[in-house]
Amino acid sequence: MVGGGKDAFIGAIHRIVANMDGLIELSCGALSINPEIAVDSGRSLFLNEDRIYLNFEEMIKKESQLPAEKRIDFITIVTPNFAHFAPAMMALEHGFHVVIEKPIAFTLDEAKKLKAKVEETGLLLCLTHTYSGYPMVKQARAMVKEGVFGKVRKVWVEYPQGWLSKLSEREGNAQAAWRTDPKKSGKSGSMGDIGTHAAHLAEYITGLQITKVCADLNVLVDGRALDDDGNVLLRFNNGAPGVLMASQVAAGEENALKIRIYGEKGGLEWAQQEPNTLLVKWQDAPAQILRAGSNYGDRLSSFATKNCRTPGGHPEGYLEAFANIYRNFALTLSARIDGTEAPAENLDFPSVADGIRGMAFIDNVVASAASALKWTDYVI
């Protein structure tokens, strides 16, 4: 692991979910740029002293020289956005597969370079777009792909949060400080942080791609350097219109990600704060409520049930969805190591291609917001 020491938030989440299925063992780490925190964090995680590193360069070089039976198989990168590219590229250059927090890099150009390196080496890169790991998101995707709603006609997706309703970056909030700093987060705030999740969810479930945007970005808290709110009109490659809203100043909201998709015959609705429920709406029949559960194999898709861990009625949430991404990646990597072919359900995790589209979303939304034109053609 690169980053994720005891002073970080997301590193602990990654370790919990990676360990959930017993498929992955944390073997080494360069857990902080602060030497004391790096060492203390490694010891608290019971890493061997000789595998607690003070920087990722040393870790990757030394690990690549270890015998195969001891050498790590992949590297997880959980640093802030500006520090994604260098360790990811170095890991790929030294033969290690990569798991990386989103967004994949600091710029679209960096993302393209990672994609080229992945294609050159044939290594795996997994991007942790958490929400695609939920079973009922996978069920929604399967139903749209099967054509049960007909052609997709309309997409609404929203992600309101309220945690940046104050100028928290000036009040000692470390998460707020780097996420609102253009030098560490990138050219966009709310759209780069959570708008990319909403865009990925829309493309993941519909199987469509965004081709045009008309964006309005706002800084609603005085003194903030990056957008904390935004609205985007979307156009997909089948002609369907869409609406995307992302705000981190929706006071009182937690993580209220929600998506609605409508086709010719009906539609669906899914909300992250009630993740085990998928509401299915029909033009000529009463609405249905589908529920997640490993015992619902006769009514849910295999992609949904294989990512359910408990029978219906036993709630699963954010950690389990996150763990599904790690499990699918680990099973795919294990199959490759064993020389076997992974089933389609295991191959279902976000990849470098999703990373490219996420960075393109940020670039195009920022360009559109700065433009006087109503529509901006999507450029990748």
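The condition of being among the basic types (Lys, Arg), in contact with a strand residue (DSSP E or B) (Cβ under 8 Å, 6 or more places away or on another chain) and modelled with pLDDT of 95 or more holds for only one of Lys166, Lys154, that being Lys154. Residue check: is Glu69 farther than 28 Å from Asn173 by Cβ, open to solvent by 50 Å² or more (accessible area, probe 1.4 Å), out of contact with any helix residue (DSSP H, G or I) (no Cβ under 7 Å at 6 or more places or on another chain) and modelled with pLDDT of 95 or more? It is false that Glu69 is farther than 28 Å from Asn173 by Cβ, open to solvent by 50 Å² or more (accessible area, probe 1.4 Å), out of contact with any helix residue (DSSP H, G or I) (no Cβ under 7 Å at 6 or more places or on another chain) and modelled with pLDDT of 95 or more. Only one of the listed residues (Val148, Val137, Val144) is among the β-branched types (Val, Ile, Thr) and part of a loop (DSSP other than H, G, I, E, B). That residue is Val148. Looking at Val213, Val232, just one residue is open to solvent by less than 20 Å² (accessible area, probe 1.4 Å), closer than 27 Å to Ser351 by Cα and in contact with a Cys (Cβ under 8 Å, 6 or more places away or on another chain), and that residue is Val232. Looking at Phe74, Phe82, Phe96, just one residue is touching a Ser or Thr at 6+ places or on another chain (Cβ under 9 Å), among the aromatic types (Phe, Trp, Tyr) and within 22 Å of Ala18 (Cα to Cα), and that residue is Phe96. Looking only at residues of the stretch 287-311 that are under 13 Å from Ala142 (Cβ atoms) and outside any loop (DSSP other than H, G, I, E, B), we find that the one that is most open to solvent (accessible area, probe 1.4 Å) is Phe303.
Every residue in the stretch 71-120 that is out of contact with any Leu (no Cβ under 9 Å at 6 or more places or on another chain) and free of Cβ contacts under 8 Å to residues at least 12 places away in the same chain, please. Of everything in the stretch 71-120, those that are out of contact with any Leu (no Cβ under 9 Å at 6 or more places or on another chain) and free of Cβ contacts under 8 Å to residues at least 12 places away in the same chain turn out to be Arg71, Asp109, Ala116, Glu119.
Among the numbered conditions (1) open to solvent by 10 Å² or more (accessible area, probe 1.4 Å); (2) closer than 27 Å to Thr79 by Cβ; (3) in a helix (DSSP H, G or I), the only one that Gly192 does not meet is (1). Of the set (1) under 21 Å from Phe82 (Cβ atoms); (2) surrounded by fewer than 22 Cβ atoms within 10 Å (Cβ to Cβ), all apply to His197 but (2).
Yes or no: the stretch 36-52 includes at least one residue that is closer than 26 Å to Glu119 by Cα and either among the polar types (S, T, N, Q) or open to solvent by 10 Å² or more (accessible area, probe 1.4 Å) (or both). No, the stretch 36-52 has no match at all. Of everything in the stretch 52-108 that is polar (S, T, N, Q) and within 29 Å of Met191 (Cβ to Cβ), the residue that is farthest from the chain's Cα centre (by Cα) is Thr107.
Restricting the search to the stretch 236-286, which residues are free of Cβ contacts under 8 Å to residues at least 60 places away in the same chain, loosely packed, with under 15 Cβ neighbours inside 10 Å and in a strand (DSSP E or B)? Selection gives Trp282 alone. Filter the stretch 331-355 down to the residues that are over 17 Å from Val118 (Cβ atoms) and part of a helix (DSSP H, G or I), then identify the one that is least open to solvent (accessible area, probe 1.4 Å). Across the stretch 331-355, the extreme among qualifying residues is Ala335. Selection within the stretch 312-326: residues that are out of contact with any strand residue (DSSP E or B) (no Cβ under 7 Å at 6 or more places or on another chain) and closer than 18 Å to Gly297 by Cβ. The member of this set that is surrounded by the fewest Cβ atoms within 10 Å (Cβ to Cβ) is Gly313.
The values are calculated or read from the model by the stated rules, or taken from the named source; none is laboratory data. Quantities reported herein were computed from a predicted structural model and do not represent experimental measurements. Neighbour counts are summed over all protein chains in view; Cβ atoms, including those assigned to glycine, are modelled from backbone coordinates with ideal geometry. SASA here: full protein model, heavy atoms, side chains in, ligands and nucleic acids out. Shrake-Rupley method; radii C 1.70, N 1.55, O 1.52, S 1.80 Å.
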